[in-house]
1. How many of the residues making up the range 422-432 are surrounded by fewer than 22 Cβ atoms within 10 Å (Cβ to Cβ) and within 24 Å of Gly138 (Cα to Cα)?
2. Please return the ranges of strands (runs of 3 or more DSSP E) entirely within the range 61-180 where 3 or more residues are open to solvent by 30 Å² or more (accessible area, probe 1.4 Å).
3. If you take the residues in the range 209-239 that are within 24 Å of Asp107 (Cα to Cα) and either free of Cβ contacts under 8 Å to residues at least 60 places away in the same chain or not in a strand (DSSP E or B) (or both), which one is nearest to the chain's Cα centre (by Cα)?
4. Please go through (1) assigned to a helix (DSSP H, G or I); (2) open to solvent by 40 Å² or more (accessible area, probe 1.4 Å); (3) of a type outside the set (Phe, Trp, Tyr) for Ala417 and return the number of the only condition it doesn't satisfy.
5. Please count how many residues of the range 1-41 are closer than 27 Å to Ala64 by Cβ, of a type in the set (A, V, I, L, M, F, W, C) and surrounded by 12 or more Cβ atoms within 10 Å (Cβ to Cβ).
6. Restricted to the range 22-60, and to residues that are in a loop (DSSP other than H, G, I, E, B) and of a type in the set (Asp, Glu), which residue is farthest from Ser203 (Cα to Cα)?
7. Of the residues that make up the range 382-392, is at least one at pLDDT 95 or above, in contact with a Gly (Cβ under 8 Å, 6 or more places away or on another chain) and of a type in the set (A, V, I, L, M)?
Amino acid sequence: MKITEQEMIDECRAICGDAHVETGNDIDPKYQRDWLGKYPSNPFIVVRPDSTEKVAALMKLCTATKTAVIPLGGNSGLTGATQAHPDQKAMILSLERMNMIRDVSGDGRYMIAESGCIVENLHKAADQAGWMFPLVFGAKGTAHIGGALGTNAGGLNVVRYGNARALCLGLEVVTAAGDIMNLLPALKKDNTGYDLVNLMIGSEGTLGIITAATLTLVPKPAAYATAMVVVPDMEAALKLMNLVQIQTGGRLEAYELMDQVIYDLCVNNLDHVTSPFDYSPVLSILMEIAAGSPDDVKMHTDGRLNLSIQLETILASAFEQGLADDAIIANSEAQRQNLWAMREGALDAIQKHGNWVMSDVSFQVADLPNAITDLKAAFAAVAPGPFCVAFGHMGDGNLHAFARPYDEDPKDRPKEAAAIKAALRDTVVKWHGSISAEHGIGQDKQAEMKQLKDPVAYAMMKSIKAALDPDNILNPGKVLL
């Protein structure tokens, strides 16, 4: 179907209302950039539907006119997955108005949330119902659940609760053709053919548009015990993690690795953070365990929770075994929040220093000591300047290594920046890791994925894309080349 640009705009206004369609110079600048300011976006139209039916109507229109559609959530992604190329004449389909929580079931331990719900608002709704939605990451105050599912986001609690995929029981999806696929029922077991829910999760809007999700709720721990522990080396960090897991019966909620560079960046660049130590540890761990029984939250005669005493006992054993050199245990909620503010504000702290070559890679947890050793040697060989190879979610093997050759903008040091990226790729290949642990592929890692992915698996992904989106209108130019 051939229609003029103005006719297309009029059709979108008829579906969404005049106030929720922007074109040309009237497009808000927030739709014209990514979060990092790395990828400009040039949509010819922005639409903001408020229902699944309107999303379906827009998709039918775009299929008929062969118009590219880029679904947009909170725009907090880091790989350029939601930007429109100027030659695409693309529509940005913002799901920000689809922000209703349709249902919260305490008995069923699930909630049904629309795609535009901000993750932090889901935390609050779950808490009010007496449960917890455990998907937690730094951008929780802006990220939408649809985007988090689209990238299979990870975060701080993956070590216990898993990635976004593990927390999703069902989806409502609008297909490229404009059909609505309802797989929302909260079934923990459903072996009726292919797992289409998990196919959509992590597809970054290239196979369908997630409009709602059924999400798992978990028991809300009655208390936490939190500590920052200085460790002598990576081998000790790994052994300490396993010690904590064994001693707590798997109640380790988070195990975050921080080397001296990221520690100093956080302390120096985050005004709301107080340094836990009066020095800069070379290697430290932020760990948190959760209460698992009523006895854990009983108060000791000295005012401490039994849970805190349990953590102290574990750390005392760690000191005896040479697995820890120093430790600070949070003795109040304010102290706990200070430790978490340091970790959750890490990306802001990094950016306040300048631009870096950044990464999101993963390794088998047991390989982390060797992989970090290799990364450190490789980065040091490229050029002097600050770099960090030991930062991230150690509990699930996810590192966010970054470097700044000569302490200059990587754009001004393209040769060195390329060498850092090559070192990351080579180390990932050597240790059979992944070039994308939780941020997705977007535009940033397409070539690397095609090069490194098993060729049979890559061909299968291309076939799936062609079958579900034959006209390549769903987020074209992303994920696959």
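The values are calculated or read from the model by the stated rules, or taken from the named source; none is laboratory data. Every value quoted in this text rests on a predicted model; they were computed, and no experiment measured them. Using ideal geometry, Cβ is built from the backbone for each residue, glycine included, and neighbour counts are taken over all protein chains shown. To get the accessible areas, we keep the full protein, side chains included, count just its heavy atoms, and leave off ligands, DNA and RNA. Shrake-Rupley method; radii C 1.70, N 1.55, O 1.52, S 1.80 Å.
1. Number of matching residues: 0.
2. Details: elements: 69-72, 91-94, 101-105, 110-114, 168-174.
Fully inside the range 61-180 and qualifying: 101-105.
3. Of everything passing the filter in the range 209-239, Leu217 is nearest to the chain's Cα centre (by Cα).
4. Unmet for Ala417, out of (1) assigned to a helix (DSSP H, G or I); (2) open to solvent by 40 Å² or more (accessible area, probe 1.4 Å); (3) of a type outside the set (Phe, Trp, Tyr): (2).
5. 9
6. Kept after step one, since they are in a loop (DSSP other than H, G, I, E, B), are these residues of the range 22-60: 27-28, 32, 34-39, 41-44, 48-51.
Narrowing the set further to residues that are of a type in the set (Asp, Glu) leaves 28, 34, 50.
Numbers: Asp28: 27, Asp34: 18, Asp50: 22 Å.
Result: Asp28.
7. Looking for residues that are at pLDDT 95 or above, in contact with a Gly (Cβ under 8 Å, 6 or more places away or on another chain) and of a type in the set (A, V, I, L, M), one finds none in the range 382-392, hence no.
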